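Note sheet for the following structure.
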Amino acid sequence: MQFQGQERTWCERRDTVSNISAESFEDTDGDGFGDFKGVIEQLDYIERLGVDIVWMNPFFASPMIDNGYDAADYRAIHPRYGTMEDFKAMLDGFHERGIKFVLDVVVNHSSNQHEWFLEASHLATANTTITTTGGLLKKATLHATAFSTPKVAGITWKR
């Protein structure tokens with residue numbers, strides 16, 4: 001509820017949100033995939049459309065089995081989209097135009113090439129018992145693997 005003179009909260013705003021998948025946007029290097037530079041070239045167009053918030057699909061380093069949602073490294077950009085510098089230029093371009101940026105991130109959905117998955121699968125195949133600290137599992141156990149049923153002190157795993 002809004003009272004006169006009171007600013008709307010984020011959930012009461014009427015902003016226009018546009019989803020951008022860089023992969024299907026403009027391709028500036030001729031490899032058949034859209035990229036950050038293609039988005040940068042269209043920033044003025046996006047602004048003229050009246051977009052207030054851009055929600056972008058994942059662009060992390062990935063084997064691309066699940067359209068980039070299967071991130072192999074959340075700190076790296078898939079080369080088909082460009083570089084970290086290209087990303088920063090795109091983000092700066094949005095912000096210079098007053099456009100907010102939201103990145104679609106699903107941290108509990110990663111590639112079997114991600115370091116957490118590799119560590120968890122190593123522990124699982126090593127038939128290692130993993131102890132908990134304060135009831136919390138180590139990061140390696142965040143991935144359920146199909147390799148074997150890990151033994152975790154105090155927890156019974158069932159398939």
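Coordinate-derived values only; no laboratory data. Please read these numbers as outputs of a predicted model, since none were measured by experiment. Here the Cβ positions follow ideal geometry from the backbone for every residue, glycine too, while neighbour counts run over all protein chains shown.
Local charge sum around residue 55 (other residues, Cβ-Cβ under 13 Å, Lys/Arg +1, Asp/Glu -1)?
-2
Could you state the orientation-averaged shadow area of the convex hull built on the Cα atoms of segment 54-111, in nm² to one decimal? Could you put the intermediate results ahead of the total?
On the way: hull surface 15.1 nm².
Projected area, direction-averaged: 3.8 nm².
Would you mind checking which residues have amide H under 5 Å from residue 76's amide H? H placed 1.01 Å from N; only 5 or more apart, or other chain.
Placed amide hydrogens put 61 under 5 Å from residue 76.
Could you compute the net charge surrounding residue 99? Neighbours are other residues with a C-beta less than 13 Å from the C-beta of residue 99; K and R count +1, D and E count -1. Don't skip to the end; give the middle numbers.
On the way: positive: 48, 97, 100; negative: 15, 44, 47, 52, 92, 96.
That works out to -3.
Sort the following peptides by mean Cβ neighbour count (other Cβ atoms within 10 Å, averaged over residues), highest first: 13-22, 61-70. Write out the running numbers ahead of the final one.
Working: 13-22: 13.5, 61-70: 16.8.
Packing order, densest peptide first, comes out as 61-70, 13-22.
Given a Förster distance of 22 angstrom, what is the FRET efficiency for residue 96 paired with residue 26, based on the Cβ-Cβ distance and rounded to 0.05? Don't skip to the end; give the middle numbers.
Values: r = 19 Å, r/R0 = 0.86.
For residue 96 and residue 26, the calculated efficiency is 0.70.
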